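Read through the structure below, which is laid out as structure tokens, and then see the notes.
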Amino acid sequence: MVALPSHYFSEAPPPPKRFYELSLQVGPWLFKFKSADGVFSKRKVDLGTAVLIKYLKIPEKGKFLDLGCGYGVIGIVAAKLNPRLEVYCVDVNPLAVKLAKENALANRVYNVKVLRGDLYVPVKGMKFKAIASNPPIAAGLSVVYRIIDEAPEHLEDDGWLQLVVKKGVNLIAKRLSQRFSKVEVAGKQSGYRVFLAMNA
């Protein structure tokens with residue numbers, strides 16, 4: 001596995017030298033995203049993210065959390081597909097947070113709040129109907145395990161966690177089964193698996 005530069009997950013990445021314009025078609029909507037040096041998958045929407053969106057289970061209402069949002073793709077798409085949702089996007093990287101805010105406005109999505117911080121810290125005490133993440137495997141399994149381990153206390157009783165993974169699939173599946181009563185593979189594509197986990 002090729003290690004990603006640590007500044008992708010840093011609270012103080014270097015200033016970007018170059019910006020990029022990306023697009024993603026989801027159903028009838030064409031989304032436009034601004035990216036930059038210093039964020040993950042800067043030149044195109046990551047395939048893992050695209051696969052997660054393809055199999056994304058979107059609540060009819062309630063709060064939705066895009067954890068480790070990067071420049072905001074998952075949260076913005078969820079917010080657009082269901083304007084009744086209250087969507088939160090969280091990332092530790094201040095550049096990613098800035099871009100996610102700009103991308104929400106550029107896509108005319110107004111039911112999104114973008115917060116800066118480490119995983120669940122900015123949403124402490126909040127409960128969500130759904131949490132979705134394309135976790136930064138390159139940052140280490142310990143980060144992915146934190147996402148899984150701390151998810152139940154941030155989910156409503158009938159809420160769910162969705163993760164897309166390619167590396168460490170068996171280890172992550174095992175960890176999910178230790179924390180959730182029901183774990184299923186919602187979809188597969190190009191080596192990626194989308195896990196759906198719940199305690200309902």
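Counting only residues that are more than 20 Å from Tyr120 (Cβ to Cβ) and charged (D, E, K, R), which one in the stretch 58-84 is surrounded by the most Cβ atoms within 10 Å (Cβ to Cβ)? Once the filter is applied, the top-ranked residue is Lys80. Filtered by the rule that a residue be outside any helix (DSSP H, G or I), at pLDDT 95 or above and out of contact with any Pro (no Cβ under 8 Å at 6 or more places or on another chain), the stretch 70-87 gives Gly72, Pro83, Arg84, Glu86, Val87.
Yes/no matrix, rows are residues, columns are (1) over 16 Å from Val123 (Cα atoms); (2) surrounded by 20 or more Cβ atoms within 10 Å (Cβ to Cβ); (3) at pLDDT 95 or above:
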| residue | (1), (2), (3) |
| --- | --- |
| Ser142 | yes, no, no |
| Arg146 | no, no, yes |
| Ala151 | no, yes, yes |
| Leu163 | yes, yes, yes |
| Ala173 | yes, no, yes |
| Ser177 | yes, no, yes |
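Among the residues of the stretch 160-196, those identified as out of contact with any helix residue (DSSP H, G or I) (no Cβ under 9 Å at 6 or more places or on another chain), aliphatic (A, V, I, L, M) and assigned to a helix (DSSP H, G or I) are Val169, Ala173. Checked against the criterion of being modelled with pLDDT of 90 or more and surrounded by 20 or more Cβ atoms within 10 Å (Cβ to Cβ), the candidates Leu30, Leu47, Leu52 yield just one match: Leu52. All of (1) at pLDDT 95 or above; (2) in contact with a Phe, Trp or Tyr (Cβ under 9 Å, 6 or more places away or on another chain) hold for Gly125 with one exception: (2). Considering Val169, Val185, Val144, Val123, the condition of being out of contact with any Ser or Thr (no Cβ under 7 Å at 6 or more places or on another chain) and without any contact (Cβ under 8 Å) to a residue 12 or more places away in the chain is satisfied by Val185 alone.
The values are calculated or read from the model by the stated rules, or taken from the named source; none is laboratory data. As the structure is a computational prediction, the values presented were derived from the model and not from experiment. FYI the Cβ positions are ideal-geometry reconstructions off the backbone, even for glycines, and counts take in every protein chain you see.
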